[in-house]
Each structure stands twice: as C-alpha cells, then as structure tokens.
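Data block below; observations after.
The values are calculated or read from the model by the stated rules, or taken from the named source; none is laboratory data. Source: prediction; values computed, not measured. Virtual Cβ from ideal backbone geometry, glycine too; neighbours counted across all protein chains shown.
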Amino acid sequence: MKNYLPFEKPVSELEKKIEELEQESVSKQIDLSSSLEGLKQELSEEIKLIYSHLTSWETVLIARHPERPKLIDYIRYLIPDYVYFCGDRHYMDDNAIFSAIGTFQGKPIMVIGHNKGKDTKENILNNFGMANPEGYRKAIRLMRLAEKFNCPVVLMVDTQGAYPGIAAEEHGQSEAIAYNLREMFRIQVPILVIVTGEGGSGGALGIGIGDKILMLEYAIYSVISPESCSNILYRDTSRASQFAEKLHITSKDLMQFGLIDGILPEPLGGAHRDHKTMLETVKKEIQYFLDEQTPLNKKTRLDRRMEKFLKMASYETSLNLYQSSS
Amino acid sequence: MKNYLPFEKPVSELEKKIEELEQESVSKQIDLSSSLEGLKQELSEEIKLIYSHLTSWETVLIARHPERPKLIDYIRYLIPDYVYFCGDRHYMDDNAIFSAIGTFQGKPIMVIGHNKGKDTKENILNNFGMANPEGYRKAIRLMRLAEKFNCPVVLMVDTQGAYPGIAAEEHGQSEAIAYNLREMFRIQVPILVIVTGEGGSGGALGIGIGDKILMLEYAIYSVISPESCSNILYRDTSRASQFAEKLHITSKDLMQFGLIDGILPEPLGGAHRDHKTMLETVKKEIQYFLDEQTPLNKKTRLDRRMEKFLKMASYETSLNLYQSSS
Amino acid sequence: MISFSKGNTPKIVKPQEKNIENPDWIKCPSCRSIQYAKQLEENLSVCPKCNFYFKLSASKRIEILLDENTFEETDTDLSSFDILKFSDTKPYTQRLEEGIQKTNHLEAIITGLGNIENTRVAIGVMDFDFVGGSMGIVVGEKIVRLADKARLNHTPLILVSSSGGARMQEGIFSLMQMARTSAAIGKFQEQGGLYISILTNPTTGGVSASFAFLGDIIIAEPSSVIGFAGARIIEQTTKQKLPAGFQTAEFLLDHGQLDKIVERKNMRKLLTRLLQFYSKGKTKA
Amino acid sequence: MISFSKGNTPKIVKPQEKNIENPDWIKCPSCRSIQYAKQLEENLSVCPKCNFYFKLSASKRIEILLDENTFEETDTDLSSFDILKFSDTKPYTQRLEEGIQKTNHLEAIITGLGNIENTRVAIGVMDFDFVGGSMGIVVGEKIVRLADKARLNHTPLILVSSSGGARMQEGIFSLMQMARTSAAIGKFQEQGGLYISILTNPTTGGVSASFAFLGDIIIAEPSSVIGFAGARIIEQTTKQKLPAGFQTAEFLLDHGQLDKIVERKNMRKLLTRLLQFYSKGKTKA
Ligand SMILES: [Zn+2]
Ligand SMILES: [Zn+2]
C-alpha cells in the first residue's frame, strides 16, 4: 500500500510494525513468526472493525482511492485478448471513455467505461475519467457496434461527473448525455452496469442504463458530489462529509431504495487492498448475468429494461418506500 | 439584368438599345412602338439563337449566374408559410445548407438545399453554399424530422462542392458525406432531388439521393469542376472550357446517360431572366412528383430508390450505353 | 400550509404578494427602468425598454400558449415528500412549502392536455419559482405520465423547461428521473410522436441533460441560459475565461444545439404552424 | 496491349520491370536509405530504417492478409471502357493500358472470397498503381457485387482502400459510384453484415467520402494520408497554413474519425481477432 486514507491510521501503523518486524527477522536471523502472526491477526481485525463502521464520507474516499482497480484492470482481467476502439466519428477521441471487445468465457463481450488513470500522467491524459460529449457519443456508437457483434455490453461507471468544460458545453454535453439516456433503452444486446467507483451524477448515468445495475460495496452513486452540494448550499465544501450522509449515496442506501439490483462485496479492507479478489468477484457476476440473459429474447429484454427504469424511483414506488420508512 | 455573361453581348446591346428608345419615347413624347416592337422581336430571336447553341462552358456560366433563382427564392415561392430549422445538434449551424418545412398545396413538405447567397454579404455568411460536415449532418437530421412529419423532402442541389477547409477535414467531411449517401436510402418519405444550379461533385451528391432526380435545363452535374480538372491535369485552369465539354456535365448529357429522370426547361434566356416562370415550373414538377409517389408504400419506395441507383451507372447499363454510342 | 404525511393530498394556501411595498411597479433587473406591473404582464413579462425576459409562471405560460379554457390539468394530486429527510440551510419540507406558496402549485411542473389553435396537445410547463424548477420524483413522474398520455392519445407533446437541474434534496431519486423521463420520451417518439421542447431561462443540469434536449424540435427563448454545468464551476475547473455569451440560447444556436430561437410573443404562432404541418402530414391525402 | 472494343475480354500483357537500371535495390523516399528489394518485400514493404510505408500491390496485400491459396477472385472479366472518349495529357485508354501493365490486373480493385485464419470473408483490395486507384464504373461495380456476395454468403466484408478518389476520366459515371457503393454497403450492413474498412495511403476524395468511411470498424495504416479534399486545394482556398500532420491517419484518429491505426505486420492478426469475435457472437450458445 502506498496511500492510506485518514481513517486507516491504525492499519498503517500495524502494517509498518509488521514490516519492521519482518525486516528485523531477516536481518537478525531470528524467528519472530509468532509475534508476526499475532500482529497480522490484529491487523485483520482492525481492518474488519474499521470497514464495518464506515461513514458515508469514508466510503467516498474509498470509492476514489487511487489504488482502487480501474477500468483497464478489469478489461485486462476479463478480456485479455481485447481490441479497443476509438472515436466518435465526428470530432474527437475522448480518452475519458475507453472501450474494448474481447472474449469472455468463449464469447465476445464489449466493455465500455470511464477511464480513470492509474497515475497522474494517465489521469491527465484521460481527463480523470471525466468525459466530454465525444466520450458519450463514442460510447453509444460502440454499444451499437456491440449489437452488430451480437455481444453483451458491460458498462463500468467510475467518474466524478461529465467534464465541466467550455468545449464540452459548445459540443453539447447535455445533448450527448440525454441522447444516450434515451438510446440505451434501444440497444438490443444485454447491458450490465457496474458502478465500480464513483457514480457521479449525469456523467455516470450517461453510460448507466442497462438490464441490471450493480454496485461495488464501497462504490458511491449520487446526484451531486458531497463537496458540490455543500458548495452550492453553503458556498464552501466544509460540510461535504455531512452531505455524504444526507445524500444517501452508498451501495447499501441504493439497494434499500431499490435503485440497484445488487452489491458486489469487496475484499477485506476494500478493493484497493486486493485487486485479484475484486476482479474475480466481478468476473463471476458477469458470468451470472450472462446466464440470466441467455433465455431472453430481444423484445422481452428491452421491455423489461424500460419497465425497470419506469418503475424505479417512480412516484408510487418512492411513496411506498417513504411511508414504510417513516 | 445587371450581369451579362460574355456570350450574351448581342443581347446586352439590344437591351441597351431598347432601353434608350423607351427613354427617348418618353422624354420626347413620340411614338416609337413599332421600332421597339421590331427590336424586341430581334432580341427574342437573338436570345433564342444564343441559347440554342450553348457550349458546355457557357452552360456552366449560366448555372453559376449570380441572378439565377436561389434556394431561398424557391422556398419563398413554394412554401410561403415556411419554418426553418438550424443545427446538427453537435457542433455548429452551417448556413451553407438551409432547410425549411412548409405547406405545399395543403400538405407539408421539407425543402433542404445548398444555400447560395443572393449577394456578396449573404454569400460570405453562407460560405457560397459550400457545406461543412455539419451542414450534411443537419441535412440528414432534418430528413429524419421530415419522416416524423410524414412529409416529402425536396432536395435542391446548388453547390460548387463540399467546402475544402481545415475544420471540414477535422470534423469528418468524408464521413459526413458517406453517411448521408448511405442513410438517404433509408429515409422513408418520398425524396425529390432537383439540381437547380451547380451539381458539384460529392458535395452535391451528399444531399442528392432520392426517388427522382431532375435537373434544370442549364444546371450542371459533374464529378469535378472543369477548372479543377484542368488544374489537376495541366496545373492551370486555362483548359476549363474544354473539360466542361469533355466531362459531359449538362442536363442533356445526364439525361442521355440515364442518370437523371428529367430536365426542367428554363424560360427563354435562362432562369435568371425570368424567375417567376422557373419557380412555377419547379412547383408544377413537385406537384407531379407528389402525385406519382402517393400510391407507393414505404417498402416499394425504398426498394425502387435502391434499385434505381444500383442500376444507374452500373457496369451493364454503362456498357450498353457505350456500345450503342460507338 | 401543507401536510407532508404519507401521501395525503396537501392543502394549498394562497401565495403571498411578492412586492409588499410597491406591488404595482417592477424594476427591470437588466435596464433598471421601472415598469408598471400590469403593462409588463400585458407585454408577456418582457421589458418593453430592453427586451429583458422576466421569468414566467407556469400558469401564465399556459395562458399564453393554449386556447382559452382548454387546459385540463392532470396529476394534480401528486405532491412531493421528503424521502431523504433532507435539511440544509432549511428543511426540504420548508422549501416545498415555500414553493407552493410562491407558485400556488404543488410542484415545479404543471402538466395536462389542452389545445393550441384547436390542435390537441399534451403539455408540461415548469415553474422556476418552485424550488428552482428542480426535478425530483414528482416532476419526473408527471413528465413520464404526460409522455404516456401523449402516446396513448396520439397528441404531440410539448415541454417548457425552466430548471436549475435535478433536485439535490431528493438525492439519487432525482438523478433517476433523468433516466425515467428519457425512457418515456423515447417510447413516445419511437411510435411516431412529435415532441417539441421549449427551453426558457434557465435550463441547466439534469433537466438540460435529459428530456429537454430530446426534442424532435428544440426551441429556446432569447437570451436564456442553457447548459449542462454551471458557469462558475466551469470557470473554477478550467481556469479559463468563458467566451462572450457562453451558454446563452444564441451561443447554443451557433453551436448547432437548437433549431430556433423564438420570441415569447411569437411562440404560440410558431407552435400553431408546426402542429398544423404535423397533423396535415399525418392525415391521409 | 488490351482491346477496348465493346466488352471483349481484354488480353493481359506482363507488366514491365519497374527499375530497369537496378531492380534489386530500392531507395526509401523518406530516409533515403538504400534497401535490398527482396528484404524490403519480406518486411512487407515497410522501410526497416524509418518505418516508411511503401505502397503495396493489391496481390501482395491479399497474400499478406489471407490464408494461403484460399483467394478466389471474382468478376475478373470486368474491364473498363472509355465511356466519355476522354483524353487529357494522354488518352484515357492509354491510362488504362498503363494501369494494366503496371499492376497485371484489369482494374484498380481486386475482389473475391478468401479465408483469414479459416474465417471466410469477402474482400476487395485497391491498387494505387492502377490510374491512381481511382474509382470508375468497374471499381464501383466490383464493390457493389462484392457487398452483394457478402450479404448472400453471410460473410464479413473487408475493403482495403488506396485511392485518389473518383476517376475524372469517367466523369459523372464515377461520381455515381459513390452512391452505388454506399447503397450496396448499406444494404449489406442493414442485414447485420460486418464491414471492416481499411484505409491505406492515400484514401481521399470520392472513395474517402463513400464506402471507405462507412465501415462498422475503420482501421488505417500508420501515416496514411486520408481526407476528402486535397491539401493543396485547402491551402489555396483557405489561405491558411495547414496544421502539422494534417490529414494523416494519426490526425484523423485524434479527431475521432478512425477506430484504430494498425501496423501492416499486425493487420492480419487484428482482423483474425475481430472476425473471431464476430463469428463467436453470431453462434448460438
Ligand atoms: Zn429592461
Ligand atoms: Zn526509410
């Protein structure tokens, strides 16, 4: 681990101790295995304790963790023989959205997602995964290419939001997102949406319509970032952590609201501590999704997708929720 | 008339004489009607003579005549209650293409065409009717809007060509034209194409696919402008008039080749000498087209449109033409 | 006052007069001229001096656009509830109350059926005075239901937007209204329905990036601010100076995003014409 | 020599050796290094020093892309005729003859069926050495027929472009090939067919603005010049300096026009992969 979050302090201390002990054991050639064993046990329990009491704000920090698996990690793991595609065919190739087709358990799938970088250089190149209209247009173009390949689409959502830039407005950020929101209901192949990190507002939803919506345990999904919410209402971001709570943005919240179909549990201490386990969980879930979708014909699939969204967050559904909660 | 073409010299002289005589008759209060009568007769015969022996190059000059009726003249005459639309919804509103819907004999039609200006100011604003990719994208968007209105489309072609600009290439001039060439075969409402002036290459064809293709008598339609052809082959434009002949670009040529469905006769001395008659001819022809199309269902229409273009200029058709002409 | 307990139909209280001191005179925020309120209203709330567009209430907009006495409001019983028990500088319930008082309506959109020059349309009009015209569950629901009505009745659909975007106070439920409204409009359009979207000042955020930009035809009022992200946020993020006229209707027209900009006084005439083209096109010869 | 009289099948004459003085050594026009011809060919006509892409003959391209001995050429009997009796610096018939001599083929495109790693495809490859790879009636016809074959045989379609555009010498007949090829490709794609378009140096004008840019997937070779209008004309018209790399494949990729740029040596591997995805996607589970 390179980056510890503020609330992970006890973990960082324990890990440092363990490291020191291990070095000592080597340099002095003494057996410290029982002490180490104890410390590791302690570490594991500490992590368990911390991660069972996370505040919403802490979850936000985990969702944004720089070492969290990124789109490219999933793509490399799920479809190692992938071929990626570029361009909206009109104006630009937007690196903030990345898209590749590859073989997943014998059949092709198309993975499209927000392309947060793995380091600063990549992040600058990819605009921190904040897409311009061209990114959304590339995404829908490639969903249509997936239709041609008759291959399911996995959308991986991980963005702070659509990019608030000058050119973005000039080129129709609104139109691009709105268009996708409508057209994704017409994509004839199965679509699985997985919010892997940040589900930031319209920028997330712009590639977020599908037959099944899943969230990683510590992912978030929100109409507005807690900072912006605080900023708009109080003109500073100091209340961000309060608004993280108030906005109800965790996977548990969304599951309770009936807005997502499932939560993918993260490894102990979050996905950033154990990529392999996380990737494997996602892989199994995709397989499961594909099996579910196999028997459906196109019409049924599209009808259900439409129904799902028309029902979710509807007046009736929400009122029932409200009434049963108060 | 403000602009005389070089070969119209005898006409300009006669018209000058007539004008002088008319002024004399007024100022000196003498009756010169019989002299005038004679001159007018002479004028009419002179025009008839000149216009019955036009070279291809002279036709080019007429097709480009600044006083020739422009798109906006047709729109104002055909659909006086018109509403126009802007924008490709992505990047720009391209003034080089103009498009309006309006009532034509009780039913709506959509007119889309190259928007050559009526004076220098307009021409600069409209880029002399040379469209950027955004113009072609606006055009196809509005053909789809016409589908929604269930109204026929009249495409009016009058361009030197698609604009050879930097941004045009950056934004996919090729893609835009190619896309239209394919998609116009899928537009479900009737499409009438009328080449009213210059049918310049891919830029013309980019809004030139339809169920019926007509040319005004002195319009031209060419794979390349005679000047460019000369320029490419001899590095100067001095042979333009020769190539006008060699390229076979007049309405008569295209009719003989079976590439168009009809020629709309122009008033004596060309459309620029008598807008009203020209507009009325076009109006009647549209009405005739609509009547033809009424009994067809969508599938038949689209099948025929496809067949028409697959047959026209095909190997078989062209070879037969070649063999019967040599 | 309004009661927000479990789905009861709330009672409406008359809105307060806005200008307690001098209700007859209104100062134009653009040219600072003083306008006689009645006259301003007769001029459709457009400043006769400088052409500044005052915001229009939803009821007034309907009055201007529709044939007299033809509007039948639908879904009048839908009222918002505080699903997240949200509170910021004031409780969300208070914001709702204030919205109701200000607008005399239960939500930021009025929907219904009515005629424009005898053509039947389904129409929804947003009211900025209701919590900034923001879209929460009820606004989304009313649009979904309206699109459905338009589809079943084979009438064109007209939506007049005026909104700061999604309603933060309903959190993720608001965000999902972007998907829901887009879905419903897609369903309507797919079956041949004509949807005319009218953007007024302001149309931004989650409303801009959903139903508002899905119009078969998109029309804006002059000078309206239209965009996805807020200008302040863009400036802060990009550290660039925004170009002149950024995010105005005129700017968007230049950038190909709009079909037309139309003055308030000509809007009804334009709609009439478009609707007539549409119905003539649909009738068999 | 070839006879152009009414549709006779013309006789083919062996092309002349190109480098009469020193056929074994070739100078790279980019880095000016001298390459041994055989070695250059083994390197797929890519300069080993500077990576310059020499033009590839259609036959060589087919050899590189397809499984050995699987190519069945179709429409071999179609040969061009001088429909306009056109003559400029030389008669069109002479240009045709020279093209045939240079390429050992009757036209600027070879079409047929063949396998790529055992997947059957319909493939057309253009040859720039034949009248600048220009598209006249026969090129258009061969593409139309190939698209039809692909449609009827349910095979993917691959077209490798290398062309200066429409063939002036056939005038308006050439222009119409843009419409014809686009129509045929649309028909093929509409029925689910996969069309991969490969752009090589150069792909411009009427070829660029028709079938070449209609690929479901569009791939280019590095550094290829791709564009609609000629750079010289753009410079003359706009009186602006062209940006660096204008109209190169890399420039187009940045501007969103291409899916990928792929080196010549990797093209077959990429196609293999895409074709396998496609056929796996189409097979029932
Ligand atoms: Zn004012
Ligand atoms: Zn070299």
#### Entry: Residue check, A:ILE194 touching a helix residue (DSSP H, G or I) at 6+ places or on another chain (Cβ under 7 Å), within 13 Å of chain C (Cβ to nearest Cβ), surrounded by 22 or more Cβ atoms within 10 Å (Cβ to Cβ) and of a type in the set (A, V, I, L, M)
no
### Task
Within the range A:203-220, work out how many residues are in contact with a Ser or Thr (Cβ under 8 Å, 6 or more places away or on another chain) and outside any loop (DSSP other than H, G, I, E, B).
5
### Message
Would you confirm whether or not the range A:238-247 contains a residue that is in a loop (DSSP other than H, G, I, E, B), in contact with a Pro (Cβ under 6 Å, 6 or more places away or on another chain) and modelled with pLDDT of 95 or more?
### Response
no
### Message
Six or more apart or on different chains, Cβ atoms under 6 Å: show the pairs whose first residue is in the range C:51-71 and away from every other protein chain (no Cβ under 14 Å) and whose second is among the small types (Gly, Ala, Ser) and away from ligand 1 (no atom under 16 Å from the Cβ).
### Response
C:LEU66/C:GLY114; C:THR70/C:GLY114; C:PHE71/C:GLY112; C:PHE71/C:GLY114
### Yes/no for C:ARG145 being in the same structural domain as C:GLY230 (by TED's automatic domain parsing), of a type outside the set (S, T, N, Q), over 14 Å from the mean Cα position of the chain (by Cα) and surrounded by fewer than 24 Cβ atoms within 10 Å (Cβ to Cβ)
yes
### Task
Return a yes/no flag: does the range A:122-139 have any residue that is basic (Lys, Arg), surrounded by fewer than 24 Cβ atoms within 10 Å (Cβ to Cβ) and modelled with pLDDT of 95 or more.
no
### Query
Going by the conditions given, is A:TYR218 touching an Asp or Glu at 6+ places or on another chain (Cβ under 6 Å), more than 7 Å from every other protein chain (Cβ to nearest Cβ) and modelled with pLDDT of 95 or more?
yes
### Message
Suppose we keep only residues that are hydrophobic (A, V, I, L, M, F, W, C) and out of contact with any Leu (no Cβ under 6 Å at 6 or more places or on another chain) within the range B:285-312. Which one would you say is surrounded by the fewest Cβ atoms within 10 Å (Cβ to Cβ)?
### Response
B:LEU296
### Task
Search the range D:27-71 for residues being farther than 20 Å from D:SER224 by Cβ, in contact with a strand residue (DSSP E or B) (Cβ under 8 Å, 6 or more places away or on another chain) and assigned by TED's automatic domain parsing to the domain that holds D:ILE110, and hand back the single one that is nearest to ligand 1 (Cβ to nearest atom).
D:LEU66
### Task
Report yes if some residue within the range B:230-239 is assigned by TED's automatic domain parsing to the domain that holds B:HIS65, touching a helix residue (DSSP H, G or I) at 6+ places or on another chain (Cβ under 9 Å) and in contact (Cβ under 8 Å) with a residue 60 or more places away in the chain; otherwise report no.
no
### Message
Taking the conditions exactly as written (of a type outside the set (A, V, I, L, M, F, W, C), surrounded by fewer than 16 Cβ atoms within 10 Å (Cβ to Cβ) and out of contact with any strand residue (DSSP E or B) (no Cβ under 7 Å at 6 or more places or on another chain)), does D:GLN240 satisfy them or not?
### Response
yes
### Summary
Subset of the range D:115-138, residues on the phi > 0 side of the Ramachandran plot and over 16 Å from the mean Cα position of the chain (by Cα), comes to D:GLU117, D:ASN118
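Yes/no matrix, rows are residues, columns are (1) in contact (Cβ under 8 Å) with a residue 60 or more places away in the chain; (2) more than 10 Å from every other protein chain (Cβ to nearest Cβ); (3) acidic (Asp, Glu):
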site: A:ILE97; (1), (2), (3): yes, yes, no
site: A:ILE101; (1), (2), (3): no, no, no
site: A:GLU122; (1), (2), (3): no, yes, yes
site: A:ASN126; (1), (2), (3): no, yes, no
site: A:LEU155; (1), (2), (3): no, yes, no
site: A:GLY165; (1), (2), (3): no, no, no
### Selection within the range B:238-271 - over 23 Å from B:TYR51 (Cβ atoms) and surrounded by fewer than 16 Cβ atoms within 10 Å (Cβ to Cβ)
B:SER238, B:GLY258
### Lone unmet requirement of (1) in contact with a strand residue (DSSP E or B) (Cβ under 6 Å, 6 or more places away or on another chain); (2) assigned to a helix (DSSP H, G or I) for D:LYS269
(1)
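Results for (1) outside any loop (DSSP other than H, G, I, E, B); (2) of a type in the set (Asp, Glu), shown as yes or no for each residue.
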{"site": "A:LYS118", "(1), (2)": "no, no"}
{"site": "A:LYS138", "(1), (2)": "yes, no"}
{"site": "A:MET143", "(1), (2)": "yes, no"}
{"site": "A:GLU147", "(1), (2)": "yes, yes"}
{"site": "A:ASP158", "(1), (2)": "yes, yes"}
{"site": "A:ALA162", "(1), (2)": "no, no"}
{"site": "A:ALA168", "(1), (2)": "yes, no"}
{"site": "A:GLU175", "(1), (2)": "yes, yes"}
{"site": "A:LEU181", "(1), (2)": "yes, no"}
### Message
Which condition from (1) buried (at least 24 other Cβ atoms within 10 Å of the Cβ); (2) under 25 Å from D:PHE54 (Cβ atoms) is the one that D:GLY112 breaks?
### Response
(1)
### Query
Which residue pairs have Cβ atoms closer than 9 Å, lie 6 or more positions apart in sequence or on different chains, and pair a first residue in the range A:279-291 that is outside the structural domain of A:VAL189 (by TED's automatic domain parsing) with a second residue that is of a type outside the set (Lys, Arg)?
none
### Message
Pairs please, first residue from the range C:30-48 and under 21 Å from C:ALA58 (Cβ atoms), second anywhere and within 12 Å of ligand 1 (Cβ to nearest atom) and part of a helix (DSSP H, G or I), Cβ atoms under 9 Å, 6+ apart in sequence or on different chains.
### Response
C:VAL46/C:LEU40; C:CYS47/C:LEU40
### Query
Only one of (1) within 30 Å of D:ILE217 (Cβ to Cβ); (2) at the interface with another protein chain (Cβ under 7 Å from one of its Cβ atoms); (3) over 16 Å from the mean Cα position of the chain (by Cα) is not met by B:PRO133, so which one is it?
(2)
### Query
Name the residues in the range C:245-279 that are more than 19 Å from C:SER210 (Cα to Cα), without any contact (Cβ under 8 Å) to a residue 40 or more places away in the chain and not basic (Lys, Arg), would you?
C:GLY245, C:PHE246, C:GLU250, C:PHE251, C:ASP254, C:ASN266, C:PHE277
### Query
Among D:LEU253, D:LEU271, D:LEU258, which is under 19 Å from the mean Cα position of the chain (by Cα) and either within 8 Å of another protein chain (Cβ to nearest Cβ) or within 27 Å of B:VAL223 (Cα to Cα) (or both)?
D:LEU258
### Query
Do we have any residue at all in the range D:86-105 that's assigned by TED's automatic domain parsing to the domain that holds D:PHE277, under 19 Å from D:ASN201 (Cβ atoms) and touching a Lys or Arg at 6+ places or on another chain (Cβ under 9 Å)?
yes
